[in-house]
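Novice: I'd like to ask you about the structure that follows.
The values are calculated or read from the model by the stated rules, or taken from the named source; none is laboratory data. As the structure is a computational prediction, the values presented were derived from the model and not from experiment. Methodologically, a virtual Cβ is constructed for each residue, glycine included, from the backbone with ideal geometry; neighbour enumeration extends over all protein chains shown.
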Amino acid sequence: MSKTIIRVVEDDPSVRQGLEYLLLSEGYESELYESAEAFLAGDAASVPGCIVLDIRMPGISGLELQNILLERKYPHPIIFLSGHGDIDIAVGAVKKGALDFLQKPVNADKFLQIVAEAIELDLLKTGKLFKPQDLLMLLDKLTAREKQIIGLIFQDVSNKGIAERLSLSPRTVENHRAAAYRKLEINSTEQLKDKFSLVQNQMTRLAE
């Protein structure tokens, strides 16, 4: 899976460290910011992921940061952290596009569930994650011969081996391969395996 970062923007150091530990325990990479200003100065927006954002902070508040990010068309989902007195405010933030909000103290299971949803949403939106049905739709674009050749390539059969198995010339195999790669929006065997690993059984059956 593509590299992702969970950005934690929280002025309370104990909360920041607790969330960092929780994320690390699940294999997530995180970046910690003590203020909205630090986040705006240091974030790499090109890296997929999400933001875990406290509503009330000194300086620029979480809601003000949300407005700034909306104006900048910032692409990644926001999960708000709210105190008990901030529920109505948090609901308003969700209406403006935030993915969800969590009350402090944060429930660990709920937090990790929402983070996972945010990461999946962001990767799907950026085209770095695919659902099985989307991959099968791409495979349906292939001709019967292209499917057969792609299935063999997925199993690491060389062009020469494919040509011998299917009684084709190597040049014909190369032409089918190039056409299939264009339709599948890939450029290499590595990309083929990475992109279509979710439908590995179907890929294997294509070669039969």
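Novice: Hey, could you check segment 179-208 for residues that are among the basic types (Lys, Arg) and surrounded by 13 or more Cβ atoms within 10 Å (Cβ to Cβ) and say which is farthest from Asp156 (Cα to Cα)?
Specialist: By that ranking, first place goes to Lys183.
Novice: Scan Asp122, Asp88, Asp134, Asp156 and give me the residue that is assigned to a helix (DSSP H, G or I), exposed (fewer than 12 other Cβ atoms within 10 Å of the Cβ) and not basic (Lys, Arg).
Specialist: After applying the criteria, what remains is Asp88.
Novice: Mind checking which pairs have a first residue in segment 179-202 that is farther than 15 Å from Lys131 by Cα and a second that is crowded, with 16+ Cβ neighbours inside 10 Å and among the charged types (D, E, K, R), Cβ under 7 Å, 6 or more apart or different chains?
Specialist: Ala179/Glu146; Ala180/Glu146; Ile186/Lys195
Novice: Which of the residues belonging to segment 137-153 are crowded, with 19+ Cβ neighbours inside 10 Å and free of Cβ contacts under 8 Å to residues at least 40 places away in the same chain?
Specialist: Listed by number, the residues that qualify are Glu146, Ile149, Ile153.
Novice: Considering only residues that are part of a loop (DSSP other than H, G, I, E, B) and of a type in the set (Asp, Glu), which ones fall in segment 31-60?
Specialist: Across segment 31-60, the qualifying residues are Glu34, Asp43.
Novice: Working carefully through the options Tyr21, Tyr28, find the one that is aromatic (Phe, Trp, Tyr) and assigned to a helix (DSSP H, G or I).
Specialist: Tyr21
Novice: Which condition number does Leu102 fail, the rest of (1) in contact (Cβ under 8 Å) with a residue 24 or more places away in the chain; (2) part of a strand (DSSP E or B) being met?
Specialist: (1)
Novice: I've got another one for you. Looking at segment 61-85 only, could you name the residues that are touching a residue at least 60 places away in the same chain (Cβ under 8 Å) and part of a helix (DSSP H, G or I)?
Specialist: none
Novice: Exactly one condition in (1) in the same structural domain as Val15 (by TED's automatic domain parsing); (2) under 25 Å from the mean Cα position of the chain (by Cα); (3) not in a helix (DSSP H, G or I) is false for Lys141; which is it?
Specialist: Only one criterion in (1) in the same structural domain as Val15 (by TED's automatic domain parsing); (2) under 25 Å from the mean Cα position of the chain (by Cα); (3) not in a helix (DSSP H, G or I) is unmet by Lys141, namely (1).
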